[in-house]
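The values are calculated or read from the model by the stated rules, or taken from the named source; none is laboratory data. What you are looking at is a predicted structure, and each value in this text was computed from that prediction instead of being measured. Positions of Cβ are backbone-derived with ideal geometry, glycine not excepted, and every protein chain shown enters the neighbour counts. Remember, those area values only see protein heavy atoms, side chains included, never the ligands or the DNA or RNA. Shrake-Rupley method; radii C 1.70, N 1.55, O 1.52, S 1.80 Å.
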Amino acid sequence: MALEKVRAEMTQVVLTEAGAAQVSDGIVMKNGDKKAIDGLTIEAVPAYNIVGKRENGQPYHPKGAGNGYILTFGDKRVYVAGDTENIPEMKGFKNIDIAFLPMNLPYTMTPEMVADAAKMIQPKVLYPYHTGDTDIAKLTALMKDQKGIDVRIRKMQ
C-alpha cells in the first residue's frame, strides 16, 4: 500500500471507519468530530454525493460515510473536501484560508458545483483537485468575476 511507503513511525493518520479497516493504528473520526492532534485542530466534516450515483441508484459516496477535514494551525484554516459535491453543510464553513475542492463528476463535482461551493465557503485560495478529465478552464471562467478568491491551478499527474 502506498501509505506504508511514506508513513514514518511517528506519523499520525486520521481516517474514517472504513479506512480503519485498511490502515492500522489510525485515528478514526466521524462527521462532527473535532480533535487536537500534534498542534493541529482537525474537524471531520461531511463529504457525500447528492447527484453522483451508481447504476443501482446509490450515491458514490453516501452521506455519513466519508469525511472532509478542516485543519486549523496558528491562524490558518485549510479545508480538504474529500470526495464530495457542493453540499449544504459548506455554508457553515467559516474563515477558510485555503480550500481544496474535488472536481470530477460523477464521483465529485462539476466545475459549476465547485464554483458554487467556493462561493459558499469564500476561501482566500482555491485549489481544484481530483480533476480527472474535467475541463479546468470552465472553473476558471466561472470564477473570473469572483472577488477575493484566488483560484490556483496545478498540473497534477
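Within the range 38-51, if we keep just the residues that are open to solvent by less than 50 Å² (accessible area, probe 1.4 Å) and in a loop (DSSP other than H, G, I, E, B), the residue that is nearest to PHE73 (Cα to Cα) turns out to be TYR48. Note down all Cβ pairs under 6 Å where the first residue falls in the range 111-137 and is farther than 23 Å from LYS94 by Cβ, the second is part of a loop (DSSP other than H, G, I, E, B), and they're at least six residues apart or on different chains. Here the result reads HIS130/ASN104; HIS130/THR108; THR131/MET103; THR131/ASN104; GLY132/ASN104; THR134/MET103; THR134/ASN104; ILE136/ILE153, each pair linking the range 111-137 to a residue that is part of a loop (DSSP other than H, G, I, E, B). Hey, any hits in the range 8-16 for a residue that's touching a Leu at 6+ places or on another chain (Cβ under 9 Å), within 21 Å of PRO106 (Cβ to Cβ), at pLDDT 95 or above and not in a helix (DSSP H, G or I)? Within the range 8-16 (the criterion being touching a Leu at 6+ places or on another chain (Cβ under 9 Å), within 21 Å of PRO106 (Cβ to Cβ), at pLDDT 95 or above and not in a helix (DSSP H, G or I)), the answer is no, since none of the residues qualifies.
Matching residues to (1) aliphatic (A, V, I, L, M); (2) on the phi > 0 side of the Ramachandran plot:
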residue	(1), (2)
VAL78	yes, no
GLY82	no, yes
ASN86	no, no
ILE96	yes, no
PRO102	no, no
MET113	yes, no
ASP116	no, no
MET120	yes, no
PRO123	no, no
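Within the range 104-114, which residues are surrounded by fewer than 24 Cβ atoms within 10 Å (Cβ to Cβ) and aliphatic (A, V, I, L, M)? Residues satisfying the conditions are LEU105, MET113.
Filtering the range 29-37 for residues that are open to solvent by 40 Å² or more (accessible area, probe 1.4 Å), more than 22 Å from ILE149 (Cβ to Cβ), out of contact with any helix residue (DSSP H, G or I) (no Cβ under 9 Å at 6 or more places or on another chain) and at pLDDT below 95 leaves an empty set. Scan the range 52-82 for residues that are part of a strand (DSSP E or B), farther than 16 Å from PRO106 by Cα and over 15 Å from the mean Cα position of the chain (by Cα) and the total you get is 2.
Yes/no matrix, rows are residues, columns are (1) in a strand (DSSP E or B); (2) small (Gly, Ala, Ser); (3) closer than 15 Å to VAL78 by Cβ; (4) open to solvent by 60 Å² or more (accessible area, probe 1.4 Å):
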| position | (1), (2), (3), (4) |
| --- | --- |
| PHE100 | yes, no, yes, yes |
| MET120 | no, no, no, no |
| GLY132 | no, yes, no, no |
| LYS138 | no, no, no, yes |
| GLY148 | no, yes, no, yes |
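Can we say LYS94 is assigned to a loop (DSSP other than H, G, I, E, B), of a type in the set (D, E, K, R), under 24 Å from LEU40 (Cβ atoms) and at pLDDT 95 or above? Here the answer is yes, as LYS94 does meet what is asked.
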